[in-house]
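Since the structure comes first, as structure tokens, the remarks are kept for the end.
The values are calculated or read from the model by the stated rules, or taken from the named source; none is laboratory data. If you're wondering where the values come from, they're calculated on a predicted model, not measured in any experiment. As a convention, Cβ positions derive from the backbone with ideal geometry for all residues, glycine included, and neighbour counts pool all protein chains shown.
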Amino acid sequence: MSFQRGPTYNSVSEVKGPSGFYKIVTSMGPIVVYIDQDYDGGGWVLALSNREYTGGMNNLKYDDAINNYNYRTGGSGQNSSNIVVTSDRTIKTLGISGVNSWLGLKFWSELTGRKSDNKIHVTQFVSNSPVTLNATSSHNKRSSWTSTGFNPNYGFNSVGNISNQVGGSTPGMYSHASSGNSLTTYDNDQDTNGGNCSTYYNNNPWWYSSCWTGNYFAGGGYQDRPYWVSSGGDNHAYGAVYIK
């Protein structure tokens, strides 16, 4: 994915402007990311997000899940035909309320580690509508945790420091991350199930075991909404994961 318009920054720490979309230089070329400058010192990069009934990141290939910043758009009911967005200008026009996102996992360490412990700091939340990380009063649930990065199969390393800030329950994403589950996509099965868990849930990627709890993308025989924990009724209209 290549973006050509607008100013370019060499790192997230160079960005001094307000919250918004910025073009950041990476080892794999420039990518456009949303940066929340108003939450906890600023510099928080949107890594994952999903809006209800839009298909999540279905049919996302393993290579793209690792090596690209992937944006999808499409209205309610378009859960099998959402559109890949490749225009810097289009993303900025749509805003966070108009796209689902998946930051390639190769970028997570490159764009983070700016705190004194050099860890990836993760803050995730769910809400009733697409809102920013700083819109804390609109979060139904919010938790934070840390990781030192990924193993060769893109499972999280050294996960810990869970803090359940709103809602009082530990997110399923943390449970799967702390178990070291590898990333599974519809074209690369790395879960512990006899089949491919991604194919059960509308070809959406996740850190499946057999199969999931708290999948932000879900689908298939379950609600096409972000889940916080388990695969029951704890699903929401919007979910997002930010990293720093």
* Right, Ser101: at pLDDT 95 or above, touching a Lys or Arg at 6+ places or on another chain (Cβ under 8 Å) and within 21 Å of Tyr222 (Cα to Cα) or not? -> yes
* Structure fact -> In the set Ser175, Ser179, Ser209, the lone residue that is in contact with a His (Cβ under 8 Å, 6 or more places away or on another chain), modelled with pLDDT of 95 or more, under 19 Å from Gln124 (Cβ atoms) and hydroxyl-bearing (Ser, Thr, Tyr) is Ser209
* Pairs under 8 Å by beta carbon, first residue polar (S, T, N, Q) in segment 15-30, partner surrounded by fewer than 16 Cβ atoms within 10 Å (Cβ to Cβ) and assigned to a strand (DSSP E or B), six or more apart or different chains? -> none
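The rows are residues; the columns are (1) touching a residue at least 60 places away in the same chain (Cβ under 8 Å); (2) farther than 24 Å from Asn118 by Cβ.
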position	(1), (2)
Asn157	no, no
Asn161	no, no
Ser178	no, no
Thr184	no, yes
Asp187	yes, yes
Gln190	no, yes
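Here's the yes/no breakdown for (1) farther than 28 Å from Trp145 by Cβ; (2) in contact with a Gly (Cβ under 8 Å, 6 or more places away or on another chain); (3) crowded, with 16+ Cβ neighbours inside 10 Å:
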| site | (1), (2), (3) |
| --- | --- |
| Val15 | no, yes, yes |
| Met57 | no, no, yes |
| Val84 | yes, no, no |
| Gly113 | no, no, yes |
* From the options Gly113, Gly56, residue that is assigned to a loop (DSSP other than H, G, I, E, B), without any contact (Cβ under 8 Å) to a residue 12 or more places away in the chain and among the small types (Gly, Ala, Ser) -> Gly113
* To do: Report the residue count in segment 185-233 for those that are in contact with a strand residue (DSSP E or B) (Cβ under 6 Å, 6 or more places away or on another chain) and either assigned to a strand (DSSP E or B) or surrounded by fewer than 20 Cβ atoms within 10 Å (Cβ to Cβ) (or both).
  => 3
